[in-house]
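Trainee: Take a look at this one; I'll ask things after.
The values are calculated or read from the model by the stated rules, or taken from the named source; none is laboratory data. Please read these numbers as outputs of a predicted model, since none were measured by experiment. We place every Cβ from the backbone using ideal geometry, glycine too, and count neighbours over all the protein chains shown. Surface areas here come from the heavy atoms of the whole protein model, side chains and all, with no ligands, DNA or RNA. Shrake-Rupley method; radii C 1.70, N 1.55, O 1.52, S 1.80 Å.
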Amino acid sequence: MAENLRSGDAQGTSTETTGSIHDERQTSEQSADLPGSTDDSLNSYQKRHRSTPPWVWIVAVIAAVAIAAGGVFAYRHANSSSSVAETSQSISIGLKLAPTNLDIRNEAGAALDQVLIGNVYEGLVARNSENAVVPALAKSWTISKDAKTYTFTLHAGERFSNGDALDSKDVVWSLNSLIDNDYVNAQALANVESVSADGTTTVVLKLKAPDAALLWNLTGRAGLVLDEEAHYDAKTQAIGSGPYLVDSFKQNESLTLKANPRYWGSHQAKTHTVVLRYITDDNAAINALKSNNVQVLAPITANLSSSVSNDGDVVVKAGNDTDKFVLAFNSTGPKTADKRVRQAIRYAIDNKALISSRGGADELLGGPIPSLDPGYEDLTKLYPFNQNKAKELLSEAGYSTSKPLKLDFEYANIYGTEIGDQLRSQLKAVGIDLNVKVVEFSAWLNDVYTNKNYDLSLVDHNESHDFNAWANPEYYFNYDNKQVQELYAKAVSSTSDAAYESYLKQAARLVSEDAPADWLFNYRVTTAYRKSVTGFPLNLNQSLLPLWNVQNKA
Amino acid sequence: MTSVRYAFTVMRVVLRSMWRRAEGRFSLLVLGLWLLVSLVSMFWTPWSLWWTDGYHVWQKPSMLHILGTDGSGADMVSWLMAGSRTNLLICVLTIVVTAIFGLLLLAAMLVRATMLAQMSVVVIDALISLPTVLLALILAVPFGPSVAVIVAACGFGYGLNLARIARPQALLVARSGYVEAAMSNGARASRVFLGHVVPNIRPVLVVQLSMSAGTVILAESGLTYLGIGVQSGVPSWGHSLATSVSFINVYPLTVLWSGLIITCVVLALNLFGDALRDCADPLSNAELRSIRQDGGAGQSSGEQQSSSEQQSSSAVLGQGVTRGSGQ
């Protein structure tokens, strides 16, 4: 009996270890150790243990995991389906360029204008989707005959999102503090002599000289009205009078906007919560749209849009914009100072091929002013694609196959390598050897923008109303044409819009004829959105993104 | 003259025995094709590298463009062919730099001056923790992206690895009886290093260098993707991969070609090292042994015996000693 107990104990310890040992022990016992199995008590002990074999435990664990996983899945599914039902209350929008902080007074960059102006902050006047000036905080305005006095009339009962009233005093303080502290875009008000309030709803701007661009400038940061009494951390918060409030800002990740319950005007937000997500990687952005993590993607690379446009639920559309891809020729460079060389390059470039290779959304642009800006004229016929003419001009300038023209072409890597490869190939065809250097943006800023040490350079100049760059001989283009500068000065000081536009038109034609650059194309922003989304602005949405009208009718 | 003929015979035998092995045959085929394509691309590619067509970007494979076109409308095959030339250059240069730098470090670790030897071990251990990519990034800032940056960064990193891995075997040789004997006979340290140590660690060198060759091809594509590899406009496999990878969702085929080529070549290089080590080792390759006995008559008598005896003091046989003790 003692022996039996001992053997039973041994058996017990072995079964307690692991299933596999237990199994081995059993098989070896059954085959070799027969005397042990003849004993009744031992047999019964073994039977008891055999009645709960280890696979039962394994099955039980698997079942438990399966039930738990199922529960979690069901829970999440229930949650997600409830969020689908709520979609009309919230919408996610995928953007590309993120602002580093929300300080609109000190932080430059279109990424900040894009999300805050018209949504959180409002200006005296605003811009519509055709880039024209429309009323905002000011319901109307008058301009004196000499174009030196602007009188704005505000809506009655305007207020900030913190409840403070917005009146003429806030406007005067906002504009004056911008000029006095030289905040971002203060130069737009360089012609302003004084800003004063006349009663609670009237603001008077007096100018030193007429400034035809002033009204348009006031649609941007220069015209924003901020609350003098409000105290908040401008880097992470924003208090304005617009239809939205900043709910939370996570740097490089997202910006959440909530409808402003105290909004005063007619642009009441139609969607309660708008989440702006910053996705820099193109493929990640497209995956986010496909999986409905975002309902809108602005911009989407035109070449990549076919991967979502085949999906019946997604609409892909291009909107007009003021982005000009400028291939600048250094007008005082050792080789590019020769006008014939610059003209030859313009003739040698096949702009249509460039546009086609980028997906065909962009438009031809023959001069410095895009179609959404005043003074636009179709100048694409000035230098059509003509390789023979390019070769003639080059041989006139003294270059031949034995003495080819060698030029350096430096641009920032954010524009991709394709454009450099194509330009090299196109210029090679007329006998120009292009040495393409694709560099970091900081290196470009140093070499080209600051030191002006370049032959050819490429930048996307996305600003609107930026013709002044061609009238400024100090700018990195090194373009110095007295006639253009005079015409621009006349345009700015003109008292009527018609005169302003006609002077600009003349100046733009002169610039284009001089060929200080080739305007490769006018970039048009491509936006992709779910069919259920309405009211999303397509034009200019990289610098102007009013969201009050956006809805997701899922 | 006989020694030249002897070298040729050995090479032929080694290649033949590599050809008999499946992995050896694969690597010889792929590497041979690589050399051939590089050579051809110097004189001819189906389309000029300067040719682009903006109206026909991302074309599917067709008779005109066998593998289609890329994002600027250039012919994929031509760029991949020309790319093989650049990658071959990078590969060869990196092997040379790695070998020279690694052996110099190894020599430093073996010197009799204990202080210097110990210090170099510590310094190498410290430097080995420096990632190659970081090094390339640092170099690319002042010098700009170029082939030289890749070769310098990778040669440095792989040289450190080579020295560190070869050190134990080299130490065994350096402390062996025949090195003692040579030293006491007045042989110079450099002669001992080149004549005794290097031949005895040849198996490790072969494997390490072939792995370096494979890794530098991966490094080239990685660095080019990051924008610090080859310059824009220089054809390379990494360039072809990098330009097409952002369009992988829409045009997955273009990524496949350069990816497949890189995978095949890297695999071939790694297998090549293994096969070469086995086939060039007289201990594991009986055919080589017989050649050495017949054809090596002009060589020293000690070498003839070396193949059959396990314990001997000759340089070639030391290979057997290190192999035996190392495994």
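Trainee: Name the lysines eligible as straight-distance cross-link partners of A:Lys258: C-alpha to C-alpha under 21 Å, and not fewer than 8 places from it in the same chain.
Mentor: Straight-distance partners of A:Lys258: A:Lys96, A:Lys235, A:Lys250, A:Lys270, A:Lys553.
Trainee: Then there is this: Post the alpha-carbon centroid distance, the range A:355-378 to the range A:169-201, in whole angstrom.
Mentor: 34 Å
Trainee: On to the next question. Evaluate the distance, in nm, between pseudo-label points positioned 7 Å from the Cα of A:Asn468 and of B:Ala7 along their respective Cα→Cβ axes.
Mentor: 7.3 nm
Trainee: How do A:His272, A:His231, B:His196 stack up against each other in accessible area, from largest to smallest, with a 1.4 angstrom probe?
Mentor: These residues rank, largest area first, as A:His231, A:His272, B:His196.
Trainee: First compute the accessible area of the range B:96-243 with a 1.4 Å probe, then give the percent of it belonging to carbon and sulfur atoms.
Mentor: C and S fraction of accessible area: 71 percent.
Trainee: With all protein chains present, how much of the accessible area of the range A:197-354 (probe radius 1.4 Å) comes from carbon and sulfur, to the nearest whole percent?
Mentor: Within the range A:197-354, the accessible surface is 44 percent carbon and sulfur.
Trainee: Round to the nearest 10 and give me the degree value, 0 to 90, for the angle of helix A:418-428's Cα axis relative to the longest principal axis of chain A.
Mentor: That helix lies at roughly 50 degrees to the long axis.
Trainee: Of B:Met42, B:Met11, B:Met63, which has the largest mean-square fluctuation in a 10 Å C-alpha GNM of chain B?
Mentor: B:Met63
Trainee: While we're here: Dipole size in debye (nearest 20) for the range A:425-492 around its Cα centre, Lys and Arg Cβ +1, Asp and Glu Cβ -1?
Mentor: Computed about the Cα centre, the dipole is about 180 debye.
Trainee: Using 14 Å as the cut-off for backbone N distance, which residues of the range A:511-530 belong to the label zone defined by a point 7 Å from the Cα of A:Ser371 along Cα→Cβ?
Mentor: A:521-525
Trainee: Continuing with this model, one more query. Which FRET efficiency value, to the nearest 0.05, do you get for A:Asp146 and A:Ser309 by plugging their Cβ-Cβ distance into 1/(1 + (r/R0)^6) with R0 = 60 Å?
Mentor: Rounded to the nearest 0.05, the efficiency is 0.65.
Trainee: Along the positive direction of the dipole of the range A:327-426 (beta-carbon charges: Lys, Arg +1; Asp, Glu -1; about the Cα centre), which of A:Ile355, A:Ala397, A:Gln426 reaches farthest?
Mentor: The Cα lying farthest towards the positive end belongs to A:Ala397.
Trainee: Something else: How many percent of the accessible area of the range A:409-554 is carbon or sulfur, using a 1.4 Å probe?
Mentor: On the range A:409-554, the fraction of accessible area on carbon and sulfur atoms equals 47 percent.
Trainee: Cross-link partners among aspartates and glutamates for A:Lys148, C-alpha distance below 13 Å, same-chain residues fewer than 8 apart left out?
Mentor: Reachable aspartates and glutamates: A:Glu193, A:Asp211.
Trainee: How many angstrom lie between the C-alpha centres of the range B:1-41 and the range B:204-227?
Mentor: Centre-to-centre (Cα) distance: 21 Å.
Trainee: Round to the nearest 10 and give me the degree value, 0 to 90, for the angle of helix B:114-127's Cα axis relative to the longest principal axis of chain B.
Mentor: Once rounded, the angle reads 20 degrees.
Trainee: Let me ask you something else. If you take the accessible area of A alone, add that of B alone, and subtract the area of the pair, what total do you get in Å², probe 1.4 Å, to the nearest 100?
Mentor: 1900 Å²
Trainee: Let me ask another. Calculate the length of the line joining the C-alpha centroid of the range A:117-166 to that of the range A:294-310, in whole Å.
Mentor: Comparing the Cα centres of the range A:117-166 and the range A:294-310, I get a distance of 35 Å.
Trainee: By accessible area of protein heavy atoms, probe 1.4 Å, what ranking do A:Arg524, B:Arg12 get, highest first?
Mentor: These residues rank, largest area first, as B:Arg12, A:Arg524.
Trainee: Rounded to the nearest 0.05, what FRET efficiency is calculated for A:Lys206 and A:Ala132 with R0 set to 25 Å and r the Cβ-Cβ distance?
Mentor: 0.50
Trainee: On to the next question. Normalised by the residues of chain B, what does the relative contact order come to in percent, with Cα pairs under 8 Å and at least six apart?
Mentor: Once normalised by length, the contact order is 22 percent.
Trainee: Additional query: Taking 0.36 nm per intervening residue step and subtracting the Cα-Cα distance, what contour gain separates A:Gln187 from A:Ile58 on full extension?
Mentor: Extending this stretch completely gives an extra 39.0 nm.
Trainee: Here's another thing I want to ask about it. Return the residues of the range A:271-305 for which accessible area with all protein chains present is lower than in the chain on its own by 40 Å² or more; set the probe to 1.4 Å and exclude ligands, DNA and RNA.
Mentor: A:Asn283, A:Asn303, A:Leu304
Trainee: Which residue, A:Ser168, A:Ser254, A:Ala507, has the largest displacement toward the positive end of the dipole of chain A when charges sit on each Cβ (Lys, Arg +1; Asp, Glu -1)?
Mentor: Checking the options against the dipole of chain A, the answer is A:Ala507.
Trainee: Considering only DSSP beta bridges where both residues belong to the protein assembly as shown, give the percentage that are antiparallel (nearest 5).
Mentor: Just about 75 percent of them are antiparallel.
Trainee: Further question: How far is helix A:387-396 tilted off the main Cα axis of chain A, in degrees rounded to 10, range 0 to 90?
Mentor: 60 degrees
Trainee: As an exercise, use a Förster radius of 41 Å and the Cβ-Cβ distance of A:Glu229 and A:Ser442 to find the FRET efficiency, rounded to the nearest 0.05.
Mentor: Working from the Cβ atoms, E equals 0.55.
Trainee: Now, a different point. With every protein chain kept in the model, how would you rank A:Asp247, A:Asp321 by accessible area, 1.4 Å probe, largest at the top?
Mentor: Largest accessible area first, the residues go A:Asp247, A:Asp321.
Trainee: Looking at the range B:219-267, which residues lose a minimum of 50 Å² of accessible area between their chain alone and all protein chains in place, measuring with a 1.4 Å probe and not counting ligands or nucleic acids?
Mentor: Buried on complex formation: B:Ser232, B:Phe247, B:Asn249, B:Val250.
Trainee: Right, something else. So what's the back-of-envelope 222 nm ellipticity for the protein assembly as shown, counting only DSSP H runs of four-plus at -39500 (n - 2.57) apiece and dividing by all residues, rounded to 500?
Mentor: It lands at -15000 deg cm²/dmol.
Trainee: For the protein assembly as shown, what does the accessible surface come to per residue with a 1.4 Å probe? Please give it in Å².
Mentor: 47 Å²
Trainee: At a cut-off of 10 Å², which residues of the range B:35-56 become less accessible once all protein chains are present than in their chain alone, using a 1.4 Å probe?
Mentor: Buried by the other chains: B:Trp50, B:Thr52, B:Gly54, B:Tyr55.
Trainee: Could you work out how far apart the two model spin labels at A:Arg105 and A:Asn549 are, taking each label as a point 7 Å from the Cα in the direction of the beta carbon, and quote it in nm?
Mentor: The two pseudo-label positions are separated by 3.2 nm.
Trainee: Let me have the relative contact order for the range A:200-344, percent, based on Cα pairs under 8 Å that are six or more residues apart.
Mentor: The normalised contact order for the range A:200-344 reaches 9 percent.
Trainee: If the cut-off is 26 Å between C-alpha atoms, which lysines fall inside it for A:Lys452, apart from same-chain ones fewer than 8 positions away?
Mentor: Partners found: A:Lys324, A:Lys335, A:Lys339, A:Lys403, A:Lys406, A:Lys428, A:Lys437, A:Lys482.
Trainee: Then there's this: Suppose every K and R has +1 on its Cβ and every D and E has -1 on its Cβ; what is the size of the dipole of chain B about the Cα centre, in Debye to the nearest 20?
Mentor: Here the size comes out at about 700 debye.
Trainee: Right, next: Give me the percent relative contact order of chain A, please, defined on Cα pairs under 8 angstrom at least 6 residues apart.
Mentor: In percent, rounded to a whole number, it is 19.
Trainee: So for the protein assembly as shown, taking the charge dipole from beta-carbon charges (+1 Lys/Arg, -1 Asp/Glu), which of A:Ser90, B:Leu67, B:Gly32 sits furthest toward the positive end?
Mentor: B:Gly32
Trainee: If you don't mind, there's one more thing I want to ask. At a temperature of 10 °C and a viscosity of 1.306 mPa s, determine how fast the protein assembly as shown diffuses translationally according to Stokes-Einstein, using the Kirkwood radius over alpha-carbon pairs as Rh; express D in µm²/s, rounded to the nearest whole number.
Mentor: Answer from the Stokes-Einstein relation: 47 µm²/s.
Trainee: Charges only on Cβ, +1 for Lys and Arg, -1 for Asp and Glu: so what's the dipole of chain A about the Cα centre, in debye to the nearest 20?
Mentor: For this selection, approximately 1260 debye.
Trainee: Moving to a separate point now. Between A:Tyr449 and A:Thr236, what is the spin-label point distance in nm, taking each point 7 Å from the Cα along the Cα→C-beta axis?
Mentor: 2.9 nm
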